[in-house]
Structures are given as C-alpha cells and as structure tokens.
Amino acid sequence: MHLEFHTIAEEEIPTVIAECDACGGVIQIPERDFLLSRPLDCTSCHHQRYLSYREYVTLADAFAAQLLNYAIARWNRTKQ
C-alpha cells in the first residue's frame, strides 16, 4: 500500500492505494474514508480485503509525515 495525491474537482485529495489479493487490481480509498472502508472492496473482482487494526495503525503511522506536510501546505495556500 502507498499514498498518492489525486486531483478531484480541482482539489488535491490524499488517496490510499491498495492491491487486491485475488486479482491484483488497484483499490483506491480517499484518506478521509480509510478508517471507515474496512473491508476494502475491489471494484474489478469484488473480492474483499480485510485490514486488521494493527495493519491500519502501521499504515497510518507510515503516512503520517506525508499527510502532515500536505495539511501544512494546504493551510499555507488558504492563508495567502
């Protein structure tokens, strides 16, 4: 899993990119929905990938620095 920033409606949205265990397809989850998106549903084969709480915490910790930088940059843009 990794974090990407996608532009949707002219707004940059942090998106968690996961891989389906069954077909290898891409599962995209907006970061704001990541906690509530368990299990993760593959749109290609409808396989459900389950995340344990430990896996979620590990991923959230790994993405924390990128998300903090994103939040600071977004705050600075709105402040100007």
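The values are calculated or read from the model by the stated rules, or taken from the named source; none is laboratory data. All of these numbers come straight from a predicted model, not from anything done at the bench. Cβ placement follows ideal geometry from the backbone for every residue including glycine, while neighbour counts extend to all protein chains displayed. These accessible areas exclude ligands, DNA and RNA; they are computed on the full protein's heavy atoms, side chains included. Shrake-Rupley method; radii C 1.70, N 1.55, O 1.52, S 1.80 Å.
Which angle between 0 and 90 degrees, to the nearest 10, do you get for helix 53-79 versus the longest principal axis of the chain when only C-alpha atoms count? It works out to around 30 degrees. For the chain, a simple Cβ point-charge model (Lys and Arg +1, Asp and Glu -1, everything else neutral) yields a dipole of about 260 debye relative to the Cα centre. May I ask you to work out the translational diffusion coefficient for the chain at 37 °C, viscosity 0.692 mPa s, via Stokes-Einstein with Rh from the Kirkwood sum over Cα pairs, reported in whole µm²/s? In µm²/s, the coefficient rounds to 241. Per residue, the accessible area of the chain comes to 71 Å² when a 1.4 Å probe rolls over the protein heavy atoms. Direction-averaged projected area, Cα convex hull, the range 5-44: 3.0 nm², rounded to one decimal.
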